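The values are calculated or read from the model by the stated rules, or taken from the named source; none is laboratory data. The shown structure was predicted, so the numbers you read here are calculated from the model rather than taken from an experiment. Backbone-built Cβ (ideal geometry, glycine too); neighbour counts: all protein chains shown. SASA here: full protein model, heavy atoms, side chains in, ligands and nucleic acids out. Shrake-Rupley method; radii C 1.70, N 1.55, O 1.52, S 1.80 Å.
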Amino acid sequence: MRAAVLEKLHSPLTIGDVEPGPLGVGQALVKVLVSGICGSQLQEIAGNKGNEKFLPHMLGHEGCGIVEEIGPGTTTVKKGDKVVMHWRKGDGIEADFPVYSFGGRTMRSGKVTTFNQYALVSENRVTTVPSETPGDFCALLGCGLSTALGTMIDEAKVRPGEAVLIVGLGGLGASLVRAAQLVGAAPIIAIDIVEAKRSMAASLGANLFINVSDTDPHEAIRSLLGTPEVDVIVETSGRPKSIAGTLPLLAGGGRYILLGQPQPGETVELANAYHLFGGEGKSITATQGGQFLPSRDIPRYTRLQRAGLLRFEDLITHRTTLDGLNDAIGLMRAGQANRIFIDLWA
């Protein structure tokens, strides 16, 4: 099979031949149809995930596939099942790390990988969906869209009519706008530093877009709401300057959710932190996937999609193949794309 392999940090991925090893206990062999590219993979390439000692390895953690074979003890999926491939733990066995052959040597890789045509996946990283579920939607549920929905519903517990500010309008930020719209947030405000994101923000359902490169967000929000403060802020960039600059925009009793992760060694400094004690006190939460629980949430989200209540097509801005993957990663680094999807068999 063909796959993308991270051999060296800060370097392009190697696109080459990789062979899966034997199926282990609690594993499934999955034919990967489509995969999203998440910002986490950019962090892995930069070595910010503590992964340098595990090189080489494969990447990707949101995909859609078909189960080709199951290993001993696997009970939650069967051959022929269409599955969401996700990084959060679901039902079933937590299997050992799978083994592959790459360049004449043995290579271990993650318990789910999706930048490869076939994957040996831990049983608890795949969840069955109805066969008619769109593949692209399945892949989005692997991370981006499910994280956004979980963040709004389970982590921030957004109530209808609450003002929500989304900081960073990349692939995750776009999904957060859609999730905020679904739960009835009003208004929905998006912040970014790329002016080209303005029209996209409006098409997704944001009520206000602020380019913080040239606009003071305090004044822009005050003009819309009559106050410079909002009920919920979700920060996706992980940049200390962004976190410190947007926390003062949170209303007393508001919830600030950290989705983006600062790089190792970085420090966030909060000037005039007295404002944190306004109202009933503000809360700051670092979330893991918005508390997304695959076995509980994937059936709910697929029902919403089938009912026409959860649109997803416009969350994907680009498509690529394995051969074009490194160029696609460059687009993401430059802030010129939201979710990019890899068609593994194109």
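Observations, loosely collected:
- Between the residues HIS57, VAL67, GLY21, the greatest Cα displacement towards the positive end of the dipole of the range 1-72, with unit charges on the Cβ of Lys, Arg, Asp and Glu, is found for HIS57.
- Relative contact order (percent, whole number), the chain, Cα cutoff 8 Å, 6+ residue spacing: 17
- Using a Gaussian network model of the chain in which every pair of alpha carbons under 10 angstrom is joined by a spring, one finds that among LEU42, LEU259, LEU141 the greatest mean-square fluctuation is at LEU42.
- Proportion of all alpha-carbon pairs of the range 54-139 beyond 20 Å (%): 30
- Using the 1.4 Å probe convention, the accessible area of the chain works out to 41 Å² per residue with neighbouring protein chains retained.
- Here the range 84-197 is assigned +1 on the Cβ of each Lys and Arg and -1 on the Cβ of each Asp and Glu. Its dipole about the Cα centre then comes out at about 240 debye.
- Take every DSSP beta bridge whose two residues both sit in the chain; close to 60 percent of them are antiparallel.
- Positive end of the dipole of the range 235-346 (Cβ unit charges, origin at the Cα centre): among ALA307, ALA271, MET332, the Cα lying farthest that way belongs to ALA307.
- When the chain is described by a simple charge dipole with +1 on each Lys and Arg Cβ and -1 on each Asp and Glu Cβ, the residue from VAL129, ALA163, PHE292 located farthest towards its positive end is VAL129.
- Apolar share of the accessible surface for the chain: 52 percent from carbon plus sulfur atoms, 1.4 Å probe.
- The relative contact order of the range 50-154, computed from alpha carbon pairs under 8 Å that lie at least 6 residues apart in sequence, is 33 percent.
- Here the Karplus relation 6.51 cos²θ - 1.76 cosθ + 1.60, evaluated at θ = phi - 60°, turns the backbone of the range 191-198 into coupling constants of 10, 7, 10, 10, 4, 5, 7, 4 Hz, with x for every Gly and Pro.
- Charge dipole (debye, nearest 20) of the range 1-114; +1 at Cβ of Lys and Arg, -1 at Cβ of Asp and Glu: 80
- Using alpha-carbon coordinates, inclination of helix 171-182 to the longest axis of the chain, degrees: 60
- Normalised by the number of residues in the range 181-295, the mean separation of alpha-carbon contacts (under 8 Å, six or more apart) gives a relative contact order of 18 percent.
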